[in-house]
C-alpha cells in the first residue's frame, strides 16, 4: 500500500466533508466573489510546488519526469490564480473566462502530478516536500471543485 495515496485520499475526503458541512450549504447566501478571493489566495501559493526542484526540500533521486511538470504546472496555476484574483477584484469581464482557465489548468496539473508521482514512485524521495501532496493537494482539489460549482451556478453573474 502506498502511504502517500492513503494520505491524499483521506485528506481530500476530510476537506470535502468540511466544505459540505460549512461552505456549500452557505453558498446561496454568500457573494461568489467572497468565496473566490480566499480560494485564489490559497492557489497563489502554488509557487511552493517549485520545492520539487529544490535540493533539501526533496531527497536525491527525485525523478525529473515528475518534478518538472509538477513544479512548473503549479507555478502556472499560481500565476493564473493571481491574474484571476486581479481581474475579479477589479470586476473585469475577463475574470470569468480566466477563472475557467485557472481551474481547468490547475485541476489537470494536480491530476497529472498525482499520476506522475505514482508512476515514477516520487513519494520515496519527496522528503520535506511530502506535505505538498499529502495536505496541500487535497485542499487544492476541493477548492477547485468549489470554483467549478460557482462557475456553473453563477457564470457571468460572478462579476456584476
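What follows is calculated from the coordinates using simple rules that are stated; it is not laboratory data. Predicted model, so just to flag it, every value in this text is computed and none were measured. Please note: Cβ atoms are built from the backbone with ideal geometry, for glycine as well, and neighbour counts cover all protein chains shown.
Observations
- Residues being in a helix (DSSP H, G or I) and buried (at least 22 other Cβ atoms within 10 Å of the Cβ) - total across region 119-131: 2
- Residue within region 132-155 that is farther than 21 Å from residue 38 by Cβ and in contact with a strand residue (DSSP E or B) (Cβ under 8 Å, 6 or more places away or on another chain) present: no
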